[in-house]
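A short worksheet on the structure shown next.
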Amino acid sequence: MADYQKMWQDLNMDVEAHDQLCEVLPMAFGDIYLSQENRPQGMDYFNLVVSEIHGLRPSELIEHQKKGGKVVGSFCIHVPDEVPMSAGAIATGLCSGSQFWVPGGEKVLPTATCPLIKASIGARLDRTCPFFRIADLFVGETTCDGKKKAWEILKDDAPMHIMDIPQMKRERDYAHWKEEILDYMKLMEELTSHKITKESMEKAIAIANEKRKALARLHGMRRHERLPISGKDVLLATQIAFYDDPQRFAQMTHALCDELDQRVQEGVSVFPAGTKRILLSGTPLSIPNWKIHHLIETSGGAVVGEEMCTGSRYFEGLVEEGANTLDEQVDHLVERYLGGIHCACFTPNTERIDDIVRLARDYQADGVIDLSLKFCTIYDSEGYSVEKALREQGIPVLGLETDYTDEDAGQLRTRIEAFLEMI
Ligand code: BJ8
């Protein structure tokens with residue numbers, strides 16, 4: 001990695017603690033990613049982004065700020081990136097996927113909180129992640145109880161805005177979400193001193209849609225019987241989509257897909273014949289959470305899809321383009337960001353189960369692993385309905401719960417191996 005020490009010091013980071021993370025991440029990445037055989041060359045770009053993850057993109061964000069621009073971070077795919085983008089700000093993801101940040105979160109949150117929340121809070125309070133130092137505004141939401149309470153703690157340390165996401169999808173809930181988006185737009189105009197216009201929103205929607213299309217193309221490669229890319233690599237690219245420049249990301253992803261098209265034509269597969277195809281469903285896998293993919297793909301399986309926020313929930317369904325007014329554009333955002341995302345925070349949430357069955361069929365999955373991060377009550381509870389529906393459809397399913405540590409890796413491997421053998 002290039003030398004970013006000065007930048008990290010200027011961001012008032014705890015550079016000494018951060019150095020520990022910089023030491024372990026390349027090792028984990030080498031073991032999990034670089035050890036794979038016959039990886040597509042197009043993954044080189046994504047390897048570079050990871051190797052420079054706390055340097056390259058943060059320095060671009062800082063450059064943007066030096067020119068007077070703003071950076072807005074968010075933690076949930078219900079928060080529309082198009083809003084900051086249409087006001088000239090850069091939107092970035094902030095969810096954290098490493099155990100490194102969990103103890104920092106546990107200083108202020110109960111241990112019985114999901115690791116994604118603890119890590120996100122720890123990354124800010126311990127001053128060990130540049131993205132959490134750079135963001136001019138943090139946008140939280142009221143999706144789950146753990147997050148709601150975490151924002152109350154985070155707001156003492158960072159500038160926060162909370163979006164109140166409805167828990168149902170009735171007409172009045174759509175109206176409420178529209179108000180929330182309009183408030184967010186107003187706040188963004190104040191923060192950036194830029195007026196959001198129909199033209200600026202049109203451009204933002206087109207950029208975000210282009211990223212979705214690139215991701216859909218990449219994920220679609222795993223519909224083929226012979227898999228031209230591993231699930232791990234697709235996960236990595238998807239995780240990077242939350243942080244990277246959206247236009248460059250789409251371009252690099254399409255370049256990777258061109259190479260994969262060629263592989264498909266030539267019948268190249270990165271897995272031997274007979275590898276069991278697994279669809280993952282459940283809670284998001286934020287970077288650098290690669291544990292479950294790695295376990296599956298080193299146990300005789302291949303991950304062919306993710307019904308997750310780091311998967312199909314992120315890119316399926318475009319925001320409708322071609323609206324005549326800004327108000328109509330907002331309606332289209334409401335439709336995509338409320339109606340189009342089936343998180344377990346909603347009741348009822350049967351659309352999510354329909355999605356899992358549809359994806360399992362589309363990607364010819366031999367089985368589904370329904371994953372829940374430890375202490376995530378909503379996904380864990382919904383697991384009952386997911387498993388019941390899949391069994392009724394004759395699709396084998398395994399429910400797993402895990403956290404960010406490696407302590408359960410042996411036990412998980414045993415269960416995954418037994419499942420792969422059984423299906
Ligand atoms: S749309 S999944 S990104 S809320 S895992 S913090 S739900 S206790 S991350 Fe999520 Fe938005 Fe839903 Fe997706 Fe809470 Fe569960 Fe933790 Fe979660």
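By a 1.4 Å probe calculation restricted to protein chains, His64 has an accessible surface near 40 Å², given to the nearest 10. Taking label positions 7 Å along the Cα-Cβ direction at both Ala112 and Tyr384, the computed distance is 1.8 nm, reported to one decimal.
Annotated for segment 192-285: lysine pairs at least 8 residues apart or interchain, Cα distance under 28 Å, count 11.
In a DSSP loop and with at most 14 other Cβ atoms within 10 Å, the GluC sites (Glu not before Pro) in segment 163-264 are Glu225. Projecting the Cα atoms of Ser372, Gly410, Val397 onto the charge dipole of segment 354-423, computed from C-beta unit charges around the Cα centre, puts Val397 farthest toward the positive end. 3J(HN,Hα) along segment 75-91, derived from phi through the Karplus expression 6.51 cos²θ - 1.76 cosθ + 1.60 where θ = phi - 60°, amounts to 10, 8, 6, 7, 7, x, 4, 4, 5, x, 4, 6, 9, x, 8, 9, 9 Hz, with x in place of Gly and Pro. Basic side chains Lys and Arg get +1 at the Cβ, acidic Asp and Glu get -1 at the Cβ, and with that the dipole of segment 1-106 about its Cα centre reaches some 420 debye. Shown for the chain: the carbon plus sulfur share of the solvent-accessible area, taken with all protein chains present and a 1.4 angstrom probe, equals 51%. Here Lys148 is the anchor, and the lysines within straight C-alpha reach of less than 19 Å, apart from those fewer than 8 places off in the same chain, are Lys107, Lys118, Lys374. Simple point charges give the picture: +1 on the Cβ of Lys and Arg, -1 on the Cβ of Asp and Glu, and for the chain a dipole about the Cα centre of about 180 debye.
Rolling a 1.4 Å probe over the heavy atoms of the protein chains gives segment 49-178 an accessible area of 35 Å² per residue. Per-residue accessible area (protein heavy atoms, 1.4 Å probe) orders Lys169, Lys203 as Lys203, Lys169, starting from the largest. A Cβ-based charge dipole, computed about the Cα centre of segment 158-206 with Lys and Arg at +1 and Asp and Glu at -1, lands at about 140 debye. Accessible area per residue for segment 221-302 is 32 Å², calculated with a 1.4 Å probe on protein heavy atoms, without ligands, DNA or RNA. Farthest toward the dipole's positive end in segment 213-253, which of Leu218, Ala237, Met252, given Cβ charges of +1 (Lys, Arg) and -1 (Asp, Glu) about the Cα centre? Positive-end residue among those listed: Leu218.
Normalised by the number of residues in the chain, the mean separation of alpha-carbon contacts (under 8 Å, six or more apart) gives a relative contact order of 17 percent.
Each Lys or Arg adds one and each Asp or Glu subtracts one; over the other residues with Cβ under 12 Å from the Cβ of Arg57, this totals -4.
The values are calculated or read from the model by the stated rules, or taken from the named source; none is laboratory data. Predicted, not measured: the structure shown is a model, and the values here were computed from it. When we count neighbours, we look across all protein chains shown, and the Cβ atoms used for this are built from the backbone with ideal geometry, even at glycine. Heavy atoms of the whole protein, side chains included, go into the accessibility calculation; ligands, DNA and RNA do not. Shrake-Rupley method; radii C 1.70, N 1.55, O 1.52, S 1.80 Å.
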